[in-house]
Amino acid sequence: MSKMFKDGYVKVNDVNLHYVTKGEGKLMLFLHGFPYFWFTWHHQLEEFSKDYRV
């Protein structure tokens, strides 16, 4: 897995949300629910970051 993922937090309605991003271009958004976390999408993030900001 690439080490080029970037992460951060954004506050939405008093809730801090964690995000991970990679790539450039049009945005493609992946969402998960509890109890999963961003790593659930690591293969898809690698592949689609070639053409999109994911």
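Remark on ARG53: its backbone amide H falls under 5 Å from those of GLU24, GLY25, LYS26, LEU27, MET28, a criterion applied only to residues 5 or more positions apart or on other chains, H modelled at 1.01 Å from N. Let me know the Kirkwood hydrodynamic radius for the chain, please, with Cα pairs as the basis and the value in Å to one decimal. Roughly 11.8 Å, rounded to one decimal. When the accessible area of the stretch 1-48 is split by element with a 1.4 Å probe, what percent falls to carbon and sulfur? Carbon and sulfur atoms account for 60 percent of the accessible area of the stretch 1-48.
The residues of the chain expose, per residue, 88 Å² of accessible area to a 1.4 Å probe. Evaluating 6.51 cos²θ - 1.76 cosθ + 1.60 at θ = phi - 60° for every residue in the stretch 40-52, the Karplus couplings come out as 3, 9, 4, 5, 5, 4, 4, 5, 6, 5, 5, 10, 9 Hz, glycine and proline recorded as x. Note that the stretch 23-34 has calculated 3J(HN,Hα) couplings of x, 9, x, 5, 7, 10, 10, 10, 10, 9, x, 5 Hz, one per residue in order, obtained from phi through the Karplus relation 6.51 cos²θ - 1.76 cosθ + 1.60 (θ = phi - 60°); glycine and proline are x.
The values are calculated or read from the model by the stated rules, or taken from the named source; none is laboratory data. What you see is a predicted model, and the numbers here were worked out from it, not measured in a lab. Calculation scope for accessible area: heavy atoms of the full protein, side chains included, ligands and nucleic acids excluded. Shrake-Rupley method; radii C 1.70, N 1.55, O 1.52, S 1.80 Å.
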